Each structure stands twice: as C-alpha cells, then as structure tokens.
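Where a number appears in this text, it was derived from the coordinates with a stated rule and is not lab data. Values in this document were obtained by computation on a predicted structure and should not be read as measured data. Here the Cβ positions follow ideal geometry from the backbone for every residue, glycine too, while neighbour counts run over all protein chains shown.
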Amino acid sequence: MITSSTIRQTYDRCSSFYDLFFKPWLEFGRRQAIECLQPEPGETVLEIGVGTGLSFEFYPPDVRVIGFDYSHGMLQESKRKVATEAPCPVDLLQMDVQAMAFPDRSFDRIMAAYVLTVVPDIHQAIREILRVARPGARVVLINHLTRRQGFLARLESLLHPVFARLGLFTLDRDLLSILESFGIENLQTAPTSWLGLHHVIAFTVPRAAAGTRPSHER
Ligand SMILES: C[S@@+](CC[C@H](N)C(=O)[O-])C[C@H]1O[C@@H](n2cnc3c(N)ncnc32)[C@H](O)[C@@H]1O
C-alpha cells in the first residue's frame, strides 16, 4: 500500500529530474486543465500537489495561485519556477491534501493535476477538497481513470503493485464512482495525455457538498 512516507521520499528523490520525463509527457493535460478551470481576473486558484510547478506557465497573469505540496524537494523546484516562469503571483506552502490548513469554504477554483492517484487516502483528500470549496466552486482534476477491460487494463493491474510500492502512484482507484459517492453530479471528462492514459475531470461543487467537514472532526 502507498504511504505518506514513501510518497514523500520518492518525490523528494525524483524532484531534480522530474521535469525531464513528466514535463513533455504530461504537458498538454496541464494546459487543458487550466483552460477548463476558467479562472477569472482577480480570482485565487488553489493548486493541490503543485509538484515542481510545471503548470505555472499556463495561468493567466491576472489571477493569484496558492499552491502546495507534501514533498519539500518538489517545492524547492517549484520555488525556482515562481521566480522564472510564473506569469502570475504564486504563494507556496508545504501541506497534506488530506488535512489542509485552510478554513471551510475558502476557494472558488481548485486544481489538482496527477495527485489523487498518489495520496494514501483518496476519500479523505476529496472530503478535504469539498470542505475548502465554496458552493458553486469549479474543481478540475487530472487523473487516471480505471479501465475495466482490454490490454491496457491487464497491463495496469500487473504494473499497479510496482508503482504503488515505489510510492509513485496507484492505478486501482475508481475516481468517478468515488466522486459520485460524495454527491458530485454532472462530471465532465475529457481524455488527455498519450494513449488517453489520463483524463481531465471537471465539476461544480454542489451547495450540499461544499464545506463538508472531514470525518475525523465530526
Ligand atoms: C505525479 S506528481 C504531480 C505533480 C504536478 N501536479 C504535475 O502536474 O507535475 C504528484 C505530486 O503530488 C504530491 N503529493 C502526494 N501526496 C500528497 C499529499 N498528501 N498532499 C499534497 N501533495 C501530495 C507529490 O509530492 C507530487 O509532487
């Protein structure tokens, strides 16, 4: 099983060469996600799991980004990009998506690219995203979606334990069903990245789901 400490170690270790592989391969998805997020002038975007900051260049200049990551190494790389590549102001924090330090109902725009395949407790991460979202907030995720059949589904089930053990990512989460179990409806999905391995998933946070308290605080 993927744990917080293996994730942190893995991403700390690969932070210096992460861009070499994951910039070209996943570039299109980041651009597509921010276009889909449609931040308006003056708005603040919460970006979860910013990694090395590869998304920064796609933000419009008139928004503000609050970005966080769990890995110190990844944050060090993203700090460099704030100085050199970000067209808009970016504040960076070290934080765990499963226990965010923001008050309830803080954000109208939330983005998480290739992150929910990594966190140990995806239900808690989604609970937290809904807690910090305002009613009507737009949330855009880029994620792997579970395949049920075909060659790639078989390949993924073979490779899943290897990637999970390395603390890189998991491939066994049915994100759409999990989101639906939180009362999220009208999910928009569009394939992105090579072979359609990832999807951009967008939704509007319903009034009933926004500000939902995490279970450990209820
Ligand atoms: C596959 S990388 C994606 C990084 C970036 N979003 C991108 O587009 O390249 C996953 C990122 O999620 C971060 N992460 C993993 N678990 C996290 C958690 N519980 N809270 C915050 N960030 C987390 C990792 O440190 C890593 O930077």
Taking a ≥ b ≥ c as the square roots of the eigenvalues of the Cα gyration tensor, with a/c under 1.5 meaning rounded and otherwise prolate when a/b exceeds b/c and oblate if not, segment 101-156 is prolate
So what's the net charge close to Gly51: Lys and Arg +1, Asp and Glu -1, counting the other residues with Cβ under 14 Å from its Cβ?
-1
Only Cα pairs within less than 10 Å get springs; with that Gaussian network setup on the chain, which residue of Leu158, Leu145, Leu93 has the largest fluctuation?
Leu158
Run the numbers on the chain and let me know its relative contact order in percent, using alpha-carbon pairs under 8 Å that are six or more apart.
23 percent
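Can you give the local net charge around Gly42? Use residues other than it whose beta-carbon is closer than 12 angstrom to its beta-carbon, Lys and Arg +1, Asp and Glu -1.
Net charge around Gly42: -2.
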Tell me, Phe68, Phe21 in order of fewest to most beta-carbon neighbours within 10 Å?
Phe21, Phe68
In what order do Ile126, Ile178 fall by count of nearby beta-carbon atoms within 10 Å, going from fewest to most?
Ile178, Ile126
Value at 222 nm in deg cm²/dmol, rounded to 500, when DSSP H runs of n ≥ 4 in the chain each add -39,500 (n - 2.57):
-11500 deg cm²/dmol
Between segment 1-51 and segment 168-194, what's the alpha-carbon centroid distance in Å?
17 Å
Total formal charge among the other residues, if their Cβ is under 10 angstrom from that of Pro87, Lys/Arg +1 and Asp/Glu -1:
-3
Length-normalised contact order of segment 46-110 in % [C-alpha pairs under 8 Å, at least 6 apart]
39 percent
